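Throughout, read-outs are computed from the coordinates displayed, never taken from laboratory work. Quantities reported herein were computed from a predicted structural model and do not represent experimental measurements. Here the Cβ is made from the backbone with ideal geometry for all residues, glycine too, and neighbour counts use every protein chain on show.
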Amino acid sequence: MSTTQQVSQVGTNAIPGTIGISFLFATALFTYGIRMWNRVRPTFQLSIMDYIITAALFCEVLVLVCLFKAIDLGYGYPMSTISPATLVLINKYFFTLGLFAFWASSLARISIGTMLLRFEISKAWKVIVWIAIAIQIAMPIGANIFMLLQCRPIRAFWDLVPDAVCWPPRKSQSFGYIYSVVGVTSDLVFAIMPMFFIWTLHRPAIERALVSALMALGLLAAVAGIFKVYYINFWNPRNSATLRDWMPLFWWYRVEEIGLIAASCAPFVKPLMARVLGRLGATPFRFATIRLNTVDDSQGSSNDASKNKSEQRVHVRSDAV
């Protein structure tokens, strides 16, 4: 009796992460909704980058459904409170979660990359962006192949199968380290690279700073990736007794994925932020204006020409975001 009461008092370790991820996902949904609204009104302007981020959001929804369903089945509570049959169901949800989670983060990065290609950038920068996009395409494909090859038969991933052959835990952890390091590097590239382009635009400094800050949300994903590297050490897919210790790792994966989705959609929040800043007294965003003094070529002398100078306004405009 005392043992049962002691177990029930331990509770779940899923509540703090559930609250934080729910808030972060609501923020990402908000930015996505504004993005789609701006892309279809007043004219329909959806492009490949919008469809890619929609696919990323769809994958993330599936991931969260699987994770919350596992939590509903008891994941987060001490393993002694979870029956073997329930544990099999939880592991099945984790397997499905893993297949889609890799695509959620990579598709979000690809969407950011296709957005960068809309800038007037040099060929060298375009090559770098295309290489980064190619890496993001290869990463989830490789991760899915890795998952499918871990155990033979494959159902040994979620169930106890006699004579099953699975890769050692250290090999799985090594792959996780490599994948996370590549992911962190990619997040830093996609978060920092836009700043090189944005600050070359002929726009007000406050506007360029705002767009840079919005796109720098990708740094949140990089921070999450660093925490992932730390918590991978607790991940042992061959030992269900450590299942409860994986919870922080699952949450940091979600922070990375949702942060990338928000970062991809954040630049489209700029018009709303501009209106808010305008109400607070900030200078309205306008196209940069360059004042040129032109000389009337019909005048013969320089004295006459200097008296007939006219002013011409040249508007430099960018539709990059």
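The figures follow:
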read-out: Whole-percent pair-distance distribution, where bins are 5 Å wide, for the alpha carbons of segment 28-79; value: 5, 17, 20, 16, 11, 10, 9, 6, 4, 2, 1
read-out: Spin-label model distance (nm) - MET36 vs PHE68, 7 Å beyond Cα toward Cβ; value: 1.7 nm
read-out: LYS123 paired with GLN173, simple spin-label distance in nm, labels 7 Å along Cα-to-beta-carbon; value: 4.8 nm
read-out: Charge context of GLY76, other residues only, Cβ under 12 angstrom, K/R +1, D/E -1; value: -1
read-out: Net lengthening on full extension, ASP163/VAL61 (0.36 nm per residue, minus Cα-Cα); value: 33.2 nm
read-out: FRET E, pair SER22, ALA216, Förster distance 22 Å, beta-carbon r, rounded to 0.05; value: 0.40
